[in-house]
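Everything on this sheet refers to the single structure shown next.
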Amino acid sequence: MKPNQHVIIFRGLTMGVIILLVIAFVQHRRNKQLTESNNQLLLQNDSVLSVNLQLQRDINFLKHDLDSLANSDAEKQLTSR
């Protein structure tokens, strides 16, 4: 091999390493952004689930009250006859 070939090979390898480092940096930054977005979505999801659970409790409470009123009215009608 000629001395110039060693220089060309070294430059090519160096450029390849630099390109890989740039790609790794960009991917790392993108991964960080995606992780932050994912964490934000998880917090929003937890909030929505919490609200849904509270609404379900409220609905069940109201159903129970309506059933109690319906049973109370039915008993009043039976006793008034």
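Could you run the Karplus curve 6.51 cos²θ - 1.76 cosθ + 1.60 with θ = phi - 60° over the range 20-31 and give me ³J(HN,Hα) per residue in whole Hz, x for Gly and Pro?
Ordered by residue, 3J(HN,Hα) equals 5, 5, 5, 4, 4, 5, 4, 5, 5, 5, 5, 4 Hz.
Can you give the calculated 222 nm mean residue ellipticity of the chain, where each DSSP H run of n ≥ 4 adds -39,500 (n - 2.57) and the sum is split over every residue, rounded to the nearest 500 deg cm²/dmol?
Calculated mean residue ellipticity at 222 nm is -37000 deg cm²/dmol.
Hey, in the GNM for the chain with a 10 angstrom Cα cutoff, which one of Arg30, Arg11, Arg57 fluctuates hardest?
Comparing Arg30, Arg11, Arg57 in the GNM, the peak value goes to Arg11.
Can you give me the P(r) profile for the range 3-53? Cα pairs, bins 10 angstrom wide beginning at 0, each as a whole percent.
22, 22, 17, 15, 12, 8, 4, 1
Every read-out reported here was derived from the displayed coordinates using simple, explicitly stated rules and does not represent laboratory data. Note that this is a predicted model, so its numbers are computed, not measured.
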